[in-house]
1. Once the other residues with Cβ under 14 Å from the Cβ of VAL141 are scored (Lys, Arg +1; Asp, Glu -1), what is the net sum?
2. If the chain between ALA174 and LEU211 were fully stretched, how many nm would it gain, using 0.36 nm times the residue separation less the Cα-Cα distance?
3. Taking a threshold of 24 Å on the Cα-Cα distance, which of the pairs LYS398/LYS426; LYS84/LYS305; LYS82/LYS390; LYS191/LYS426; LYS370/LYS398; LYS398/LYS425 fall above it?
4. Just the number, please: carbon plus sulfur as a percent of the accessible area of the stretch 103-173, 1.4 Å probe, no ligands or DNA/RNA counted.
5. Calculate the FRET efficiency for THR219 and LYS425 from the Cβ-Cβ distance with a Förster distance of 41 Å, rounded to the nearest 0.05.
6. Would you tally the net charge around GLU158, using a Cβ to Cβ cut-off of less than 9 Å, leaving GLU158 out, and scoring K and R as +1, D and E as -1?
7. Can you work out the accessible area per residue across the stretch 191-238, with the rest of the protein chains kept in place, probe 1.4 Å, in square angstrom?
8. Using the beta-carbon distance between ILE144 and HIS75 and R0 = 25 Å, what value does 1/(1 + (r/R0)^6) give for FRET efficiency, to the nearest 0.05?
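The values are calculated or read from the model by the stated rules, or taken from the named source; none is laboratory data. The shown structure was predicted, so the numbers you read here are calculated from the model rather than taken from an experiment. So basically every Cβ, Gly included, is an ideal-geometry build from the backbone, and we count neighbours across all protein chains shown. For the accessible areas, the whole protein counts, side chains as well, though only heavy atoms, and no ligand, DNA or RNA atoms are used. Shrake-Rupley method; radii C 1.70, N 1.55, O 1.52, S 1.80 Å.
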Amino acid sequence: MIGTRRRFFQDAAVFGAGLFGLSKSLQAQDEKSMPMRPREAHRAHTPAPGTFLPMVTPDVADLPHETDGGVKVFHLVGEPVKRKIAPFKTIDVWGYNGSCPGPTIQVQQGDRVRVVFENRLPESTSLHWHGLEIPIEQDGVPYISQKPVAPGEKYVYEFTVHQEGTFFYHAHSAMQEMMGQIGFFVAHPQKDYRPRVDHDYGLILQEWAVLPSNTIPNTAAMEFNWLTFNGVSAPMTTPLLARLGSRVRLRILNLGMDHHPVHLHGHQFVVTGTEGGRAPESTWYPMNTVLVGVAQARAVEFEAKYPGAWMIHCHLPHHMMNSMMDLLRDRQIETADQTDVKAMSQMESLAKSVPFEHVHHAPIAQDAEKVPGFPQDAFMEMGMDEVVEKPETHGLPKNWSAGMMGMMTMIRVLPDKEYDAIMLKKKAASPSALEEHHHES
Ligand SMILES: [Cu+2]
């Protein structure tokens, strides 16, 4: 707890404690135990009957809908998409409505849903509704339940959602899936889950094999060098925000070639749901790493009790890295140079090929090159705070981005003042994008 607080002070200090007049009150709090506001104080956003607290999918938009005689009508377009997955890497993928992964669809249990699908891909495709108990003719499997949707054609899916939970839509063709054709389909329960949450976030896990100097994923490859949450690699992933003392739900969805053990720092969570819906409370037990297998979804919930910027990441070591092969170019056949001077000049030439400066790496020993195995992480860290700056990163410690790579994001557990300040910045940056309100059902 002491360590937690010390860490938080560093965070608060760069946040500009003076600006919010925080430092004094925080010091006072440190003398006693960190006071916790009663949970009810945060319940200003408790959904009214017939409405729901929408899930937020960072870096991916929601798909809007219109209503036609009580049917929720969505328009989904399958098409090629350019996705900037890192400040120095944009790839050619396939997605929906200009987004990869596709936009998030949110409905409520009991809804009648119509999805007007248009295929703007160069080949035939279809839409499968993963986990939904719907009539066979809506199942979206080419030749089995429908004719493939040819390029330029439309196809209308319509069904009633009698389930609740975290589902998804995807093309039912393996290579198209690996090109990125997936999106969330969340069915909120008719009666809110208990305990209620204050924040609901979604992450889609994807992996890409992109050869150096290429932009098109190799969907036949079995080894992956780019790993993304919601279509971006850290540090481009937008941090999740939570009020101190709030309850958070995180839904994690995987449709790739690998299983991903997703780990949360500093808090224990319980798995409250799978790709099949809500799990009974009797099955919940504390953990902090959840294995999200291929074609699975896991919903976890936790009390955001400890202030700070807490990592959420896949724990496979090679999934916590970004590929620098494009930057290294012809040097990729060598390992990084083993002297500080040579490595720095190498990093300098890397820096020239990207439109930003990166920070000097962390210190190394004077005789580092004499140690077998050196270097490992020594020259890997590239701070790029300014390039990935957004309201959600406001107040993070300097060079925070240097330690963020691959399938990685963070949840920032913030006291009210900092939380509200960031929400104001978000509102100023994009007035319509303020996420803390509800859909009318
Ligand atoms: Cu992983």
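1. Surrounding charge for VAL141 is -2.
2. Computed gain between ALA174 and LEU211 is 11.3 nm.
3. Where the Cα-Cα span goes over 24 Å, the pairs concerned are LYS84/LYS305; LYS191/LYS426; LYS370/LYS398.
4. That fraction is 51 percent.
5. 0.60
6. +2
7. Value returned for the stretch 191-238: 36 Å² of accessible area per residue.
8. Plugging the Cβ-Cβ distance into 1/(1 + (r/R0)^6) gives 0.50.
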